[in-house]
Amino acid sequence: MPERVSNPPNPWVDGHVEWLGEPPEVELKVYEEESASILSTNESPDLPFSYSVNPFRGCFHGCAYCYARRTHEYLDFGAGTDFDRRIVVKVNAPELLRDRIVRPDWEREPIIFSGVTDCYQPLEASYEVTRECLEVCASIGNPVGIVTKGALVRRDIDVLQEIADRAPVRIYVSIPFADDEAGRKLEPHATTITQRFRTIEALADAGLAVGVAVAPIIPGLSDSDVPDILRRAADRGADHAFYTLLRLPGTVEPVFRERLREAYPDRADKVFSQLRQMRDGEVNNTEFGDRMEGKGARWQTTRSLFELHCRRHDLNATDRAQVGEMGAAGSLQGDLFDGPQTN
């Protein structure tokens, strides 16, 4: 069934449309942009990197929980279906990246793809801006990290191998659910879960360092999937794993709440109840350093479950050897190349 327009009011825009009847079907609109810059600088302690590249704005995958939805509001778009169907392509991204990292003051810092979009969403198949950016990194041997749901990353194995010959490379495949049906309900246009596990296997078979991102963990819905996800990822060659707890900043919350109630009407209240238990009674935590994590006994149980199954399947083993058994629970805190570590 086609998606219908559903956007919460944009807090930065005065006007807002309320449909008196059935809202119209959503059509994909692609905007080509000549960006002024492409290398984003991160100053948040929640994220284990300093530089990232986002070749797109918005994401066709349509994941209900995506924390990046609010970034579309700065374009005077909405955080709902606008984020899913009004996609901006930064067509000059490779040129901008090359101009920046060939300068004498660039110290070959790791660059993460992407951060607030998926660099391997379907439009990448025709635009190839991510591939060309990777080719730029390959030309100077710049370290690269990737987090994606897209099986299209397999197309670029040759470029990733070229980078890996000269610099660290790690790809994390994001798998928050254990089966295709569950994934489709809240990630309606992302690559199937089955294909994502196959992508891990293809990357590992190609000799590339690959991990699994159990992100986000949705309490009361997907937390029970953690053991199965970690086992299957390890069986296919993953050697690292990290997690994040569900984040619902600002207008992301009503988008997620609406889609969750539609997909899981009998479990929505449980999800929000357990999320509040992990966030001191709140749905979201905006404090830098704590946004990806939870608190309390229920969250500690989730953490312990994750670490137990990482140990069982030798995920993050190198990190445990370096920092001790209790120092590598697999949160996003830490280094995307040496493996995530907790503070």
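Where both bridge residues fall in the range 29-340, DSSP classifies roughly 20% of the beta bridges as antiparallel. Amide H to amide H distances under 5 Å link Ser174 with Thr148, Lys149, Ala213, where only residues 5 or more positions off or on other chains count and H is placed in the peptide plane.
Would you work out which of Cys133, Pro265, Val153 lies farthest towards the positive end of the dipole of the range 29-340, given +1 charges on the beta-carbon of Lys and Arg and -1 on that of Asp and Glu, about the Cα centre? Ranked along the dipole, the leading option is Pro265. In a simple Cβ point-charge model (Lys, Arg +1; Asp, Glu -1; nothing else charged), the range 181-229 has a dipole of about 160 debye relative to its Cα centre. The dipole here belongs to the range 29-340: it is taken about the Cα centre, uses +1 on the Cβ of Lys and Arg and -1 on the Cβ of Asp and Glu, and is about 700 debye. Need one word for the range 29-340: rounded, prolate or oblate. Basis is the Cα gyration tensor (sqrt eigenvalues a ≥ b ≥ c); a/c below 1.5 gives rounded, then a/b vs b/c decides. Oblate shape, in that a/c is at least 1.5 and b/c is the bigger or equal ratio. The HN-Hα couplings worked out from phi for the range 69-75 by the Karplus form 6.51 cos²θ - 1.76 cosθ + 1.60 (θ = phi - 60°) are 3, 5, 4, 5, 5, 6, 9 Hz, whole numbers, x standing for Gly and Pro. Ranked for footprinting exposure by Cβ neighbours inside 10 Å, fewest first, His61, His313, His189 give His189, His313, His61. Under 5 Å from the amide H of Ala241 lie the amide H atoms of Val212, Asn316, each residue being 5 or more positions distant or on a separate chain, with H modelled from the backbone and absent for Pro and chain starts. Residue-wise HN-Hα couplings along the range 110-118, as the Karplus relation 6.51 cos²θ - 1.76 cosθ + 1.60 with θ = phi - 60° gives them from phi, are x, 10, 9, 10, 10, x, 10, 6, 9 Hz; Gly and Pro carry x.
Phi angles of the range 147-161 translate, via the Karplus equation with coefficients 6.51, -1.76, 1.60 and θ = phi - 60°, into HN-Hα couplings of 10, 8, 9, x, 5, 4, 4, 5, 4, 9, 4, 4, 5, 5, 5 Hz per residue; Gly and Pro are given as x. The amide H of Trp106, built 1.01 Å from its N in the peptide plane, has no neighbour under 5 Å, considering only residues 5 or more places off or on other chains.
Only the coordinates and a few stated rules stand behind these numbers; no lab work does. Worth saying up front: this structure is predicted, and the values here are computed from it rather than measured. Here the Cβ is made from the backbone with ideal geometry for all residues, glycine too, and neighbour counts use every protein chain on show.
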